[in-house]
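Structure record follows, encoded as structure tokens.
The values are calculated or read from the model by the stated rules, or taken from the named source; none is laboratory data. Quantities reported herein were computed from a predicted structural model and do not represent experimental measurements. Don't worry about glycine lacking a Cβ; one is built from the backbone with ideal geometry, like all the others, and counts go over all protein chains shown.
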Amino acid sequence: MLLEWLRGQALDEGRRYGLNEAVVVARGRLGDLGAVDLLVEQAADVWPHRNMPAVEALRALLTIHGVSRTFGVESLSALMASGATEAARLVGVGLSYETGANILPALGDPSVAVARAAYDRLIVARGPAARLESLMVAAETPGPAQLWALAVLARHHPVEIRPLWEALGSPLVELPGVPADVRTAIVRRYAPGTRDTDPRWLLEAALLPPLDDLEESDLIARAVAALGDAGLDPQQPISAAEEYRQGEGTYYAIETAAGTVLVSTLGRFFRTHGSADVDEIREALREFRHIDNALGNIIVDNLSVYDFGERKPMPVRSLLFNWQD
């Protein structure tokens with residue numbers, strides 16, 4: 001029997017090509033309740049090619065066995081609210097949303113990832129939980145759901161959230177040593193981040209005024225002109241994508257008589273590369289902020305950003321001068 005054979009397959013942590021995941025998914029689709037815990041963990045994975053088949057297998061188990069036998073709780077809402085692990089509650093949020101259940105309470109989950117899962121669904125939802133009245137109650141009720149409810153309001157309804165945010169003490173993620181213009185540029189580019197991002201970053205992004213600044217081409221042209229006026233013989237700017245011949249980035253590299261300059265596309269920021277003459281370049285680019293090592297190495301806490309397969313907080317330098325394939 002196929003199910004017996006699948007159960008007999010040893011799950012090797014080092015096994016490649018997703019064979020472990022495929023075996024577990026197949027067991028779930030065939031009704032094997034012994035695969036539930038493994039499927040829940042897989043369904044909570046950040047990668048769609050892993051989580052989507054696992055969710056399908058869990059749906060199959062629910063069809064065959066029902067909620068109580070599959071998860072040991074009376075409802076999907078109960079799984080969302082009281083699942084023993086973060087992964088279980090993440091699955092509870094997703095499956096509850098599919099059935100039309102109220103996922104608003106999940107905004108108060110102690111796990112940022114679980115609360116974010118509810119946020120991501122509520123900003124596109126049309127049910128009672130996403131109505132203005134429900135969200136306003138959540139935003140005005142003291143507790144862990146307040147900031148997330150405000151963030152949903154900012155995305156989903158034409159509501160001025162600043163008074164509510166200020167009433168909460170204008171909460172921001174502290175980032176000592178990072179100037180306001182650098183912080184703003186990073187928030188504009190990278191919020192809302194990935195699923196472990198603090199809701200305060202989402203609110204900060206929502207409260208920023210409309211962008212009124214130079215276009216990317218004008219920004220780079222201004223840097224080239226300033227370098228030329230200083231007699232540094234700037235060469236043709238090369239974008240990060242051109243430099244690596246693929247992907248996209250947030251900077252241009254400019255070769256000069258004083259060395260290589262990297263100019264960010266996110267604002268008036270530059271850094272030097274290699275053995276460049278920092279003082280000479282800094283004098284030429286006086287209207288640009290120099291991102292030195294001290295500033296560039298500061299980690300932007302609680303703003304989770306995708307970086308070559310990882311999702312994590314990154315340093316200022318890597319955010320302003322970024323490349324991804």
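Can we say THR70 is hydroxyl-bearing (Ser, Thr, Tyr) and over 30 Å from ASP307 (Cβ atoms)?
Against the criterion (hydroxyl-bearing (Ser, Thr, Tyr) and over 30 Å from ASP307 (Cβ atoms)), THR70 qualifies.
Taking segment 41-76, which residues are among the polar types (S, T, N, Q) and within 29 Å of the chain's Cα centre (by Cα)?
GLN42, ASN51
How about segment 107-159: which helices (runs of 4 or more DSSP H) wholly inside it have at least 3 residues that are in contact (Cβ under 8 Å) with a residue 40 or more places away in the chain and closer than 20 Å to GLY83 by Cα?
Those helices (runs of 4 or more DSSP H) span 112-122.
Specify the residue that is nearest to VAL187 (Cα to Cα); the eligible residues are those in segment 231-248 that are touching a helix residue (DSSP H, G or I) at 6+ places or on another chain (Cβ under 7 Å) and at pLDDT 95 or above.
PRO237
Pairs please, first residue from segment 161-179 and touching a residue at least 24 places away in the same chain (Cβ under 8 Å), second anywhere and surrounded by fewer than 14 Cβ atoms within 10 Å (Cβ to Cβ) and assigned to a helix (DSSP H, G or I), Cβ atoms under 9 Å, 6+ apart in sequence or on different chains.
LEU164/GLU140; GLY177/ALA294
Given segment 1-100, what helices (runs of 4 or more DSSP H) lie entirely inside it while holding 2 or more residues that are at pLDDT 95 or above?
36-43, 48-71, 76-82, 86-98
Would you be able to tell me the number of residues in segment 272-309 that are more than 13 Å from the chain's Cα centre (by Cα), free of Cβ contacts under 8 Å to residues at least 40 places away in the same chain and surrounded by 13 or more Cβ atoms within 10 Å (Cβ to Cβ)?
11
Of all residues in segment 109-137, which are of a type outside the set (Lys, Arg), under 23 Å from the mean Cα position of the chain (by Cα) and under 15 Å from LEU153 (Cα atoms)?
Passing the criteria: ALA115, ALA118, TYR119, ASP120, LEU122, ILE123, VAL124, ALA125, ALA130, LEU135.
Which condition number does LYS312 fail, the rest of (1) within 28 Å of VAL112 (Cα to Cα); (2) surrounded by 18 or more Cβ atoms within 10 Å (Cβ to Cβ) being met?
(2)
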